[in-house]
Amino acid sequence: MDLVGLDTSKVTTMENMFQDCKNLTTIKGMDKIDWTKITKISNMFRDTAITAVPSGMENADLSNATDDELMDACKQVESY
């Protein structure tokens, strides 16, 4: 999936965004997302084929996301 060019300047939630995309293995453009307003990311990668934190997300500013939601998203990826 390629998110390059996606305008996320008004996005506040990515909760369940990729959930159940069972064949999803990579996401391009995570480094282009404006993470500053996003408050919910739980279940973001649930039931996908993603096995590692997507490139570009490792430096994302997730300071507005709650700790539990952040942990849920990370655990889902790390549990594979």
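The values are calculated or read from the model by the stated rules, or taken from the named source; none is laboratory data. The structure displayed is predicted, hence computed values, not measured ones. Neighbour counts are summed over all protein chains in view; Cβ atoms, including those assigned to glycine, are modelled from backbone coordinates with ideal geometry. Heavy atoms of the whole protein, side chains included, go into the accessibility calculation; ligands, DNA and RNA do not. Shrake-Rupley method; radii C 1.70, N 1.55, O 1.52, S 1.80 Å.
Within the stretch 13-59, being more than 12 Å from Leu3 (Cβ to Cβ) and of a type in the set (Gly, Ala, Ser) holds for Ser42, Ala49, Ala52. Of all residues in the stretch 1-56, those satisfying the criterion of being surrounded by fewer than 17 Cβ atoms within 10 Å (Cβ to Cβ) and not in a loop (DSSP other than H, G, I, E, B) are Asp2, Thr13, Lys28, Asp31, Lys32. Residues that are modelled with pLDDT under 65 and open to solvent by 80 Å² or more (accessible area, probe 1.4 Å) within the stretch 57-80 comprise Asp67, Asp68, Met71, Lys75, Glu78, Ser79, Tyr80, listed in sequence order.
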